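The structure appears below as structure tokens.
The values are calculated or read from the model by the stated rules, or taken from the named source; none is laboratory data. Everything numeric in this text was worked out from a predicted model, so none of it was measured. Note: ideal-geometry Cβ built from the backbone for every residue, glycine included; neighbour counts use all protein chains shown. The accessibility values were calculated without ligands, DNA or RNA, using every heavy atom of the protein model including side chains. Shrake-Rupley method; radii C 1.70, N 1.55, O 1.52, S 1.80 Å.
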Amino acid sequence: MLDEYVDLPTYPEGSYRTFLRDHLGDVIFNNSTVFHPLDVGDDVACERYDKALSQAGGVDLAIVGLGRNGHVGFNEPGADPLERTHVVTLTAATLEANFPGQSNSVRPTRAITMGLRDLIDARSVLMLVSGSSKASILAALRHGIFDPSIPATNFLDHQNFTIIADEEALAGT
């Protein structure tokens, strides 16, 4: 798993783990090992996750989504491309995108995420892009425009980077 909410009041409802189980079920959770990034306290969880990644030899295939502001995982604009697993404070825009119309009482404030370093080091990266709100970021990627404030552009030099986008995302490119 790439990331998870740290302080989600309704956990496990609304968690990434539940999303994966509901949508991928046996593909992910049957006879396979899923390492969840949040089993213990923040610092310990980050260190444990990084150790598990290193012991596994890194990431073979990173399947990531593209955020409206170019974030990948919860690596928001300005994220350090050398950073490994870390805890972030979620931005208002990310919370609204992930919990639209919900009150703050059911929204988390923090998340743990695999850092850009491990994602960039993955042997293959597959980025899924959907929706017109991501068209401008997708255009930058398609035109090879690196911008250090847009985390997704860190993948432009990756040797095995593939983007799959829907028609709405492609419309503005």
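Miscellaneous remarks
- The condition (being closer than 16 Å to Tyr16 by Cα, open to solvent by less than 30 Å² (accessible area, probe 1.4 Å) and at pLDDT below 90) is satisfied by just one residue among Thr94, Thr113: Thr94.
- When restricted to residues that are out of contact with any strand residue (DSSP E or B) (no Cβ under 9 Å at 6 or more places or on another chain) and either part of a helix (DSSP H, G or I) or surrounded by 17 or more Cβ atoms within 10 Å (Cβ to Cβ) (or both), segment 72-91 contains 1.
- Some residue of segment 88-109 being touching a residue at least 40 places away in the same chain (Cβ under 8 Å), β-branched (Val, Ile, Thr) and within 21 Å of Arg48 (Cβ to Cβ): no
- Flag set for Asp43, criterion: open to solvent by 70 Å² or more (accessible area, probe 1.4 Å) and either charged (D, E, K, R) or assigned to a loop (DSSP other than H, G, I, E, B) (or both).
- Single match in Ala111, Ala97 (criterion: part of a helix (DSSP H, G or I), closer than 26 Å to Leu141 by Cα and touching a Ser or Thr at 6+ places or on another chain (Cβ under 9 Å)): Ala97
- Members of segment 86-110 that are more than 21 Å from Thr153 (Cβ to Cβ) and under 13 Å from the mean Cα position of the chain (by Cα): Val87, Leu90, Asn98
- Annotation note: of Ser124, Ser149, the sole residue that is of a type in the set (S, T, N, Q) and either under 26 Å from Thr10 (Cα atoms) or surrounded by 13 or more Cβ atoms within 10 Å (Cβ to Cβ) (or both) is Ser124.
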